[in-house]
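Below is one structure, written out as structure tokens; comments come after it.
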Amino acid sequence: MKLLEVLNGAKAWPPPAWLMRQAGRYLPEYRELRSQAGDFLSLCTNPELAAEVTLQPIRRYGFDAAILFSDILILPWALGQDLRFAEGEGPLLPPLQSRAELAKLDPARAISGTAPIMETVRRVKAGLPSETALIGFAGSPFTVACYMLDGKGGAKAGNEFPRTRLLCFEDRALVEGVIELLTETTITYLQAQVDAGADCVMLFESWSGILTSSLFRDFVIAPTKRIVTALKAKNPRLHIIGFPRHCGLMLAEYVTATGITAVGLDSVTDAVTAIAACPPGTVFQGNLDPLLLRLGGEPLTQGIKAVLNGFRGQSHIFNLGHGITPDVKPEAIALLMDTIRAA
């Protein structure tokens, strides 16, 4: 598998490619299945439909990897926190108010609650071409904690998760408790995905950019290191991709201290700067701006070539700096893959 070869340190040209949110609302075949499921949570927990959604972009575009179709908030839902997805609002949860409420969440429920996800992994693995890797994933503890404590996504840019940010100072013990619970259950959750057939796993730290450097070390680096250490103790050859979105100058420390195999880069991170900052041999993933997929044509082609050239000579997995948006035309993804293959 080309993706696993790069994760092992190979420098492939052209690089392997997959895209965050490659299975989703921009595909007409996804929208058709989504209408059958009823609601988003029902789709995520229906192994037959979730497996089909995971495989759709592989059939259409031939990506080098499939990523499990699920959601980072499946874990708090499985632990016992209510979750619903409201049209136009995204995920909604009752915010955890106290350590007493946190204590009511049950780690034992997570195993049975995520059983449908493991069945999806098994079905996808059985349906994939032999050359295509399967990526399992979870939200990193701090990012998932943001939703559990605020109850929804950030209201606007620059003011993401205001309650969580305040709680880091006002009730640090509550934040630490949530992260502790999530760290332990994430280890179990990801290990179950590996046991079910995932070839590698990814940790999405989508909101690391809202933390101070000291809090980043405590709430991002430390739990990530624990997860990586625990998973690799059981699976020494397991590859783990970390995505500390908008972590800025903390990038090198994240790579060095956590022990991840590869680091995903957001769209604002410069290739030259990232390569210079990180240890030699770092495997990079990213980092095309998803906006270019909406534009298509020459702007997209030039953006793809800029990313390819920026990481040429490095161990690199082509991807986006964030996920595909629903308004992208499928033809833009075809152009992207054609451009990469022709490099």
Response to the item:
If unit charges are put on Cβ atoms (+1 for Lys and Arg, -1 for Asp and Glu) and the dipole of the range 2-341 is taken about its Cα centre, the option from Ser214, Ser35, Leu249 lying farthest towards the positive end turns out to be Leu249
Response to the item:
For the chain, one quarter of the surface area of the C-alpha convex hull, expressed in nm², comes to 15.5 nm²
Discussion item. Sorted from largest to smallest, which semi-axis lengths in Å does the alpha carbon gyration tensor of the range 1-115 give for its equivalent ellipsoid, taking the root of 5 times each eigenvalue?
Written reply: 31, 20, 12
Practice prompt. Note down the nm distance, to one decimal, between modelled labels 7 Å out along Cα→Cβ at Arg172 and at Ala334.
Written response: 5.5 nm
Worksheet entry | Long-range HN-HN contacts of Asn287 with modeled amide H, under 5 Å | Asn319
Discussion item. Pairs of alpha-carbon atoms within less than 8 angstrom and 6+ residues apart define the contacts here; what relative contact order does the chain have, in percent?
Written reply: 20 percent
Discussion item. I need the calculated FRET efficiency for the pair Arg99 and Ile275, taking r as the beta carbon distance and R₀ as 30 Å, to the nearest 0.05.
Written reply: 0.10
Response to the item:
Cα-Cα longer than 24 Å, checked against Lys125/Lys232; Lys125/Lys234; Lys125/Lys329, kept in input order, equals Lys125/Lys329
Item to complete: Work out, step by step, the length gained on full extension between Arg163 and Asp106: first 0.36 nm times the residue separation, then minus their alpha carbon distance; give nm to one decimal.
Response: 18.2 nm
Worksheet item: Between Asn309 and Asn8, what FRET efficiency comes out of the Förster formula 1/(1 + (r/R0)^6) with R0 = 30 Å and r the beta carbon distance, rounded to 0.05?
Response: 0.80
Worksheet item: What is the list of residues in the range 55-90 whose amide nitrogen lies under 18 Å from a point 7 angstrom out from the Cα of Ala126, following Cα to Cβ?
Response: 55-56, 68-69
Discussion item. Can you compute the helix-only [θ] at 222 nm over the chain? Use -39500 (n - 2.57) per DSSP H run of at least 4 residues, normalise by all residues, nearest 500 deg cm²/dmol.
Written reply: -14500 deg cm²/dmol
Item to complete: Take each complete run of DSSP H in the chain, measure how far its Cα atoms stretch along the helix's own axis, and keep only those covering 15 Å or more with mean Kyte-Doolittle hydropathy at least -0.5; list them.
Response: 47-61, 115-127, 172-196, 222-234, 297-310, 330-341
Worksheet entry | Sorted largest first, extent of the range 233-343 alpha carbons per principal axis (Å) | 43, 30, 25
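No value in this document is a laboratory result; all are computed from the given coordinates. Given the structure is predicted, the values throughout are model-derived calculations rather than measurements. With ideal geometry, Cβ positions are generated from the backbone for all residues, glycine too; neighbour counts draw on all protein chains shown.
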